[in-house]
1. Closer than 27 Å to residue 81 by Cβ and not in a loop (DSSP other than H, G, I, E, B) - does that describe any residue in segment 5-18?
2. Counting only residues that are of a type in the set (D, E, K, R) and under 26 Å from residue 9 (Cβ atoms), how many does segment 69-101 have?
3. Would you pick out the residues in segment 49-66 that are surrounded by fewer than 15 Cβ atoms within 10 Å (Cβ to Cβ) and over 17 Å from residue 7 (Cα atoms)?
4. Modelled with pLDDT of 85 or more and either within 26 Å of residue 1 (Cα to Cα) or surrounded by 10 or more Cβ atoms within 10 Å (Cβ to Cβ) (or both): does that describe residue 14?
5. It is to be established whether one or more residues within segment 18-25 are among the hydroxyl-bearing types (Ser, Thr, Tyr), modelled with pLDDT under 95 and surrounded by fewer than 10 Cβ atoms within 10 Å (Cβ to Cβ).
6. Which residues, taken from segment 69-101, are outside any strand (DSSP E or B) and within 23 Å of the chain's Cα centre (by Cα)?
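The values are calculated or read from the model by the stated rules, or taken from the named source; none is laboratory data. On a predicted model such as this, the values are computed, not experimentally measured, just so you know. Reconstructed Cβ throughout: ideal geometry from the backbone, glycine too, with neighbour counts over all protein chains shown.
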Amino acid sequence: MSAKIYRPAKTAMQSGKAKTQVWILEFDQVIPRKIDPMMGYTTSADTRQQLKLLFETQEQAEAYAKREGIDYRVIPPKEAKRQAVSYTDNFKYSRLQPWTH
């Protein structure tokens, strides 16, 4: 039984950082998924794929995995690079590209 511990990135529909401060322990797929012949849905007999355990810190997630004997790997979060952009820069005469709609 193995798992990954990570902090989720914000979705494309978010402008803020809501729901990105928690750490998630998610189990790896053990049994491959298959297609249900009658309905065409993708199914799996492995119910651990449905679990996502939430923790406040990375250390809590690692302590839980060690306590339960779960092999884990930590995926470090990637911080977004923020560019300070001024609205007035759109109308500068020294723009490299012409301003268009």
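1. The first filter runs over segment 5-18 and keeps only residues closer than 27 Å to residue 81 by Cβ, leaving 5-18.
Of the ones still in play, those that are also not in a loop (DSSP other than H, G, I, E, B) are 5-6.
Yes, the conditions are met somewhere in segment 5-18.
2. The first filter runs over segment 69-101 and keeps only residues of a type in the set (D, E, K, R), leaving 71, 73, 78-79, 81-82, 89, 92, 95.
Narrowing further to those that are under 26 Å from residue 9 (Cβ atoms): 71, 73, 78-79, 81-82.
Matching residues across segment 69-101 total 6.
3. If the condition is that a residue be surrounded by fewer than 15 Cβ atoms within 10 Å (Cβ to Cβ) and over 17 Å from residue 7 (Cα atoms), then 50, 66 are the ones that fit.
4. On the way: modelled with pLDDT of 85 or more: no; either within 26 Å of residue 1 (Cα to Cα) or surrounded by 10 or more Cβ atoms within 10 Å (Cβ to Cβ) (or both): yes.
No; evaluated as a whole, the condition is false for this residue.
5. Within segment 18-25, the subset among the hydroxyl-bearing types (Ser, Thr, Tyr) is 20.
Subsequent filtering for residues that are modelled with pLDDT under 95 retains 20.
So of that shortlist, the ones also surrounded by fewer than 10 Cβ atoms within 10 Å (Cβ to Cβ) come out as none.
Within segment 18-25 (the criterion being among the hydroxyl-bearing types (Ser, Thr, Tyr), modelled with pLDDT under 95 and surrounded by fewer than 10 Cβ atoms within 10 Å (Cβ to Cβ)), the answer is no, since none of the residues qualifies.
6. To start, the set of residues in segment 69-101 that are outside any strand (DSSP E or B) comprises 69-70, 76-101.
Residues satisfying the conditions are 70, 76, 77, 78, 79, 80, 81, 82, 83.
Yes/no per residue for (1) under 26 Å from residue 77 (Cβ atoms); (2) out of contact with any Pro (no Cβ under 7 Å at 6 or more places or on another chain); (3) in a strand (DSSP E or B); (4) hydrophobic (A, V, I, L, M, F, W, C):
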{"residue": "26", "(1), (2), (3), (4)": "yes, yes, yes, no"}
{"residue": "29", "(1), (2), (3), (4)": "yes, yes, no, no"}
{"residue": "32", "(1), (2), (3), (4)": "no, yes, no, no"}
{"residue": "37", "(1), (2), (3), (4)": "no, yes, no, no"}
{"residue": "40", "(1), (2), (3), (4)": "no, yes, no, no"}
{"residue": "53", "(1), (2), (3), (4)": "yes, yes, yes, yes"}
{"residue": "59", "(1), (2), (3), (4)": "yes, yes, no, no"}
{"residue": "62", "(1), (2), (3), (4)": "yes, yes, no, no"}
